[in-house]
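Nothing in this text is a laboratory measurement; each read-out follows from the coordinates by a stated rule. Bear in mind the structure is a predicted one, so any value in this text is a computation, not a measurement. In this analysis, Cβ positions are derived from the backbone assuming ideal geometry, glycine residues included, and neighbour counts consider all displayed protein chains.
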Amino acid sequence: MFVRNSAMIAAFAACASAAMPLATTGMPMRLRGGDRKYCIAGNWKMNPSSLDEAKKLAADVVASAAKSTRDMDVLVCCPYPFLASVAEVCKGSKVKVGAEDVFTEESGAYTGGVAISQIKSVGCEYVVIGHSERRHGNIASETDATFNKKVRKTLDGGLIAILCVGETKDEYEAKLNKAVCALQLSKGLAGVTKAEMKSVVIAYEPVWAIGTGLTATPEAAQDIHAYIRSWLADMYDKETADSVRIQYGGSVAPDNVDKLMSCPDIDGALVGGASLVADKFDKIINFK
């Protein structure tokens, strides 16, 4: 992406700096929006290895969420084969279930595709769209246009879309992180109305911090989250910007979650590896 879209990203960078002044990194910057609940989501990726393990892990998450006194959403986003069983384990609890992806079509000769109606029928309420592991690398190398189609399918199907955005290491080092996020947001949310934004969660996940053990500092994460919120205000309005939840994703762990969640524009976390370890995810759900 850095090579293919460098000119477009540079243009976005110039427009962003001129039209939307960036917040400084000092905290706090603003009060949390009154209508925003925290959203902590575990993204299991291609784990665990068996249904029994998945059901046990889901039961652990249910127990952890039950201890929380916050009015918050806790999600388990798991592989397709586990969705129905995990949804059954989570039924009647505080934990909601999400899919890690969805196909762009509703039905037909699409071997390996999974439709929004199919995942909805087994109890899913959320769908992760545009995760960096599908955006980059050897898994899929999907485009923003594809992610936009998936957002459209998810919203039309009555589910909540978690749209992931974030920059690569090269883009970060070139100071194009905000321009990259603006470009990905503009393409991924194309055609999404203000009313539909009530069913959208944004997940900022710097690619260089996913699965690497590296994490953006709370100040740096807050800065980009505030920028994303300013982008939403510019593209929609302040009411929309104040209501949309923006998660942070990128090596979230028990030892950094408290400071990250204390930032006024960070409304939760999209958690990878730590969500597979019951006691670690418990500490993340029940952050201080």
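Treat the count of other C-beta atoms within 10 Å as a stand-in for reagent exposure and order GLU100, GLU125 from fewest to most.
GLU125, GLU100
Given a cut-off of 24 Å, name the pairs among LYS67/LYS280; LYS37/LYS67; LYS198/LYS238; LYS153/LYS178; LYS55/LYS280 whose C-alpha atoms lie farther apart than that in the structure shown.
LYS153/LYS178
Would you mind ranking HIS131, HIS225 so that the residue whose beta carbon has the fewest other beta carbons within 10 Å leads the list?
HIS225, HIS131
Per q in 0.22, 0.23 1/Å, what log10 I(q)/I(0) does a Debye calculation on the alpha-carbon atoms of region 98-178 return?
-1.00, -1.07
Based on the Cβ-Cβ distance of LYS175 and TYR110, what FRET efficiency does E = 1/(1 + (r/R0)^6) give at R0 = 25 Å, to the nearest 0.05?
0.05
Taking Cα pairs under 8 Å and at least six residues apart, what relative contact order does region 115-261 come out at, in percent?
22
Just need log10 I(q)/I(0) for region 35-285 at q = 0.11 Å⁻¹, Debye formula, equal scatterers on the alpha-carbon atoms, no solvent, rounded to two decimals.
-0.53
What are the residues whose amide H is under 5 Å from the amide H of GLY249, where those residues sit 5 or more places off or on another chain and H is modelled from the backbone?
Here the answer is TYR204, GLU205, LEU270, since their amide H atoms fall under 5 Å of that of GLY249.
Scattering from the C-alpha atoms of region 157-211 alone, worked out with Debye: what is log10 I(q)/I(0) at q = 0.18, 0.23 1/Å?
Taking Cα atoms of region 157-211 as identical point scatterers yields -0.63, -0.88.
Farthest toward the dipole's positive end in region 35-285, which of GLY157, TYR227, VAL200, given Cβ charges of +1 (Lys, Arg) and -1 (Asp, Glu) about the Cα centre?
GLY157
Hey, could you grab the Kirkwood Rh for region 83-141? Inverse mean 1/r over distinct alpha carbon pairs, Å, one decimal.
12.7
Based on other C-beta atoms within 10 Å, arrange ASP60, ASP73, ASP279 from fewest to most.
ASP279, ASP60, ASP73
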